[in-house]
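What follows is a short report on a single structure.
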Amino acid sequence: MGDAHTHKPQYAMEYLLLLRCCALCNHAKFVSKGPTIMQRPTSGDASESALLKFTASHLDVERFRDENPEVACLAFNSTNKYMITIHLQPNGKHLLLMKGAPERVLDRCGRVVNGTPMDCDQRQENERVNVELANNGERVLALAQLELDPVQFPAGYAFDVENPNFPTKGLELVGLLSLEDPPRAEVPDAVAQCQSAGIQVVMVTGDHPLTAKSIALQIGILPQDGVITNVVEQNPEADGIVVAGPELDSLQEEDWDFVLGRKFIVFARTLPTQKQTIVKEFQKRGHVVAVTGDGVNDSPALKVAQVGIAMGSGSDVAKDAA
């Protein structure tokens with residue numbers, strides 16, 4: 001734990017381990033002081049900034065990072081759906097931390113931090129919690145850790161993130177953490193105005209299908225009834241559909257005809273290349289497609305759309321692609 005446990009000794013050890021992972025496996029930073037932690041501006045994406053503010057409410061993040069410097073980082077990408085950082089602790093041992101999509105992180109855990117094996121029952125319980133939180137529209141992350149053997153990974157060890165020469169399996173699950181990112185109050189009206197003008201609004205997101213469905217229901221992209229959640233059903237009476245990224249690569253032409261024939265559509269857990277494929281499939285069927293996006297992962301779709309709309313706060317890559 002380094003020195004973290006001295007800051008707030010009243011917390012349970014498991015909670016401190018969760019705080020440690022949120023503080024260290026995180027590249028968001030405060031850029032200036034604010035009247036309160038929640039009002040301080042940050043650099044970094046929204047999820048990491050939220051984790052930073054959460055953690056800073058409990059411990060001195062800057063000091064803790066100084067005491068546990070990062071020596072390697074396997075950045076989050078849309079294929080792996082997890083991030084790994086490795087830190088040199090004050091005791092001279094390296095600590096590997098992982099955060100990411102629950103289904104990916106759980107696959108790489110052999111036990112829980114309290115020593116409980118990650119058996120079928122434990123896995124099902126974590127998946128149940130993930131589904132419950134995602135159904136509420138919350139974005140769920142799983143956090144894991146592994147203290148590396150100091151003999152095999154001594155101080156000064158050359159970690160290679162291109163061809164990982166360190167463990168990425170057999171980790172300890174620290175826990176699940178959910179973030180609430182409610183849509184802005186004006187979004188439902190904006191969606192309704194587009195729909196009344198004859199514009200079909202389609203959600204394409206990397207979020208869990210249940211999270212995506214919950215948000216889409218809140219803002220009017222999906223109707224309250226008549227929504228199916230897999231392509232196999234192909235119920236012609238269904239107005240809405242939620243399609244998960246893993247299904248997309250196996251879709252045949254008739255499947256695409258069915259999916260894109262729905263009035264209300266959500267694509268979830270999508271990869272950047274799949275976003276581009278979705279645009280092209282709409283275009284093949286005579287649609288004029290406009291894509292909004294703000295990140296590097298949106299750039300392939302922004303490039304092929306007839307209209308590319310990069311959000312004002314988005315990355316330079318997205319703006320160039322648009």
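The values are calculated or read from the model by the stated rules, or taken from the named source; none is laboratory data. Since we're looking at a predicted model, the values are computed, not measured. In this analysis, Cβ positions are derived from the backbone assuming ideal geometry, glycine residues included, and neighbour counts consider all displayed protein chains. To get the accessible areas, we keep the full protein, side chains included, count just its heavy atoms, and leave off ligands, DNA and RNA. Shrake-Rupley method; radii C 1.70, N 1.55, O 1.52, S 1.80 Å.
Residues that are more than 19 Å from the chain's Cα centre (by Cα), surrounded by 13 or more Cβ atoms within 10 Å (Cβ to Cβ) and either among the charged types (D, E, K, R) or outside any strand (DSSP E or B) (or both) within segment 166-188 comprise PHE166, PRO167, GLU172, VAL187, PRO188, listed in sequence order.
Can you pull out the residues in segment 149-158 that are aliphatic (A, V, I, L, M) and either open to solvent by less than 70 Å² (accessible area, probe 1.4 Å) or over 27 Å from MET118 (Cα atoms) (or both)?
Quick first cut of segment 149-158, residues aliphatic (A, V, I, L, M) only: 151, 155, 158.
Of everything in segment 149-158, those that are aliphatic (A, V, I, L, M) and either open to solvent by less than 70 Å² (accessible area, probe 1.4 Å) or over 27 Å from MET118 (Cα atoms) (or both) turn out to be ALA155, ALA158.
Could you go through segment 296-310 and let me know if any residue there is under 23 Å from GLY137 (Cα atoms) and either open to solvent by 10 Å² or more (accessible area, probe 1.4 Å) or not aromatic (Phe, Trp, Tyr) (or both). Yes - at least one qualifying residue is present in segment 296-310. Screening ARG104 against (1) among the charged types (D, E, K, R); (2) within 16 Å of GLY175 (Cα to Cα); (3) free of Cβ contacts under 8 Å to residues at least 60 places away in the same chain; (4) in contact with a helix residue (DSSP H, G or I) (Cβ under 9 Å, 6 or more places away or on another chain) leaves a single unmet condition, (4). Applying the set (1) within 24 Å of ASP66 (Cβ to Cβ); (2) touching a His at 6+ places or on another chain (Cβ under 8 Å); (3) not aromatic (Phe, Trp, Tyr) to ASN130 leaves exactly one unmet item: (1). The set of residues from segment 195-223 being without any contact (Cβ under 8 Å) to a residue 40 or more places away in the chain and either under 12 Å from GLY137 (Cβ atoms) or surrounded by 15 or more Cβ atoms within 10 Å (Cβ to Cβ) (or both) comprises GLN195, VAL201, LEU217, ILE219, GLY220.
Suppose we filter SER178, SER196 for residues that are touching a helix residue (DSSP H, G or I) at 6+ places or on another chain (Cβ under 6 Å) and of a type in the set (Ser, Thr, Tyr); which single one remains? Lay out the reasoning, then the answer.
Working: SER196 fails: touching a helix residue (DSSP H, G or I) at 6+ places or on another chain (Cβ under 6 Å).
Only one candidate passes the filter, namely SER178.
Restricting attention to segment 189-231, the residues being modelled with pLDDT under 95, under 23 Å from THR273 (Cβ atoms) and part of a loop (DSSP other than H, G, I, E, B) number 7. Among the residues that make up segment 109-121, is at least one of them of a type in the set (Gly, Ala, Ser), surrounded by fewer than 20 Cβ atoms within 10 Å (Cβ to Cβ) and closer than 20 Å to MET13 by Cβ? For segment 109-121, residues of a type in the set (Gly, Ala, Ser), surrounded by fewer than 20 Cβ atoms within 10 Å (Cβ to Cβ) and closer than 20 Å to MET13 by Cβ: present. Is there a residue being small (Gly, Ala, Ser) and closer than 30 Å to LYS275 by Cβ anywhere in segment 27-37? So far as segment 27-37 goes, yes, one or more of its residues are small (Gly, Ala, Ser) and closer than 30 Å to LYS275 by Cβ. The residues listed here are VAL161, VAL129, VAL191; of these, the one that is closer than 30 Å to GLU281 by Cα, surrounded by 12 or more Cβ atoms within 10 Å (Cβ to Cβ) and hydrophobic (A, V, I, L, M, F, W, C) is VAL191. Just a yes or no: is a residue in segment 95-104 open to solvent by 30 Å² or more (accessible area, probe 1.4 Å) and either under 22 Å from ALA50 (Cα atoms) or within 12 Å of the chain's Cα centre (by Cα) (or both)? Within segment 95-104, one or more residues are open to solvent by 30 Å² or more (accessible area, probe 1.4 Å) and either under 22 Å from ALA50 (Cα atoms) or within 12 Å of the chain's Cα centre (by Cα) (or both). For segment 233-248, the tally of residues that are open to solvent by 60 Å² or more (accessible area, probe 1.4 Å) and either under 17 Å from PHE282 (Cβ atoms) or outside any loop (DSSP other than H, G, I, E, B) (or both) stands at 1. Of the candidates PHE54, PHE30, PHE76, the single residue that is touching a Pro at 6+ places or on another chain (Cβ under 8 Å), surrounded by fewer than 21 Cβ atoms within 10 Å (Cβ to Cβ) and not charged (D, E, K, R) is PHE30. In segment 249-279, the residue that is farthest from the chain's Cα centre (by Cα) out of those that are buried (at least 19 other Cβ atoms within 10 Å of the Cβ) and among the charged types (D, E, K, R) is ARG262.
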